[in-house]
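A quick write-up on the structure given underneath.
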Amino acid sequence: MPDSPEADPRFNEFVILQAQNAGLFLGQIPNPQSGQKSINLRAAKSVIDSLEMLASKTRGNLTSSEAKLLTTALQNLKPLFQAASGE
């Protein structure tokens, strides 16, 4: 059993996809079908909560680049959520 985790490109793709979804729900990215920006705080919170759960459950099992990607995604999304929700 290796001492350090092995990288899995699917993990990075998953985190990026979820971050994009959160950006869409926070009105940062236009809807690809309508071209309009809209905010869905409930959906955005669900995605952010899921990424936080993923970070918690995978702690110690990620490569340094995977951990950094996940941490950076959350650090970028949380203030956007706070701004959108007026917190």
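FYI, it's all coordinate maths here, none of it is from the lab. No experiment lies behind these values; they were computed from the predicted model shown. Glycine gets a Cβ as well: all are built from the backbone with ideal geometry, and neighbour counts include every protein chain shown.
What is the spin-label model distance, in nm, from residue 12 to residue 39 if the labels are put 7 Å beyond Cα along the C-beta direction?
Here the modelled spin labels are 3.3 nm apart.
Given Cα positions, please report Rg to Rh for segment 10-85, the hydrodynamic radius being the Kirkwood one. Can you show the working numbers first?
On the way: Rg = 12.6 Å, Rh = 12.6 Å.
Checking Rg against Rh, the ratio lands at 1.00.
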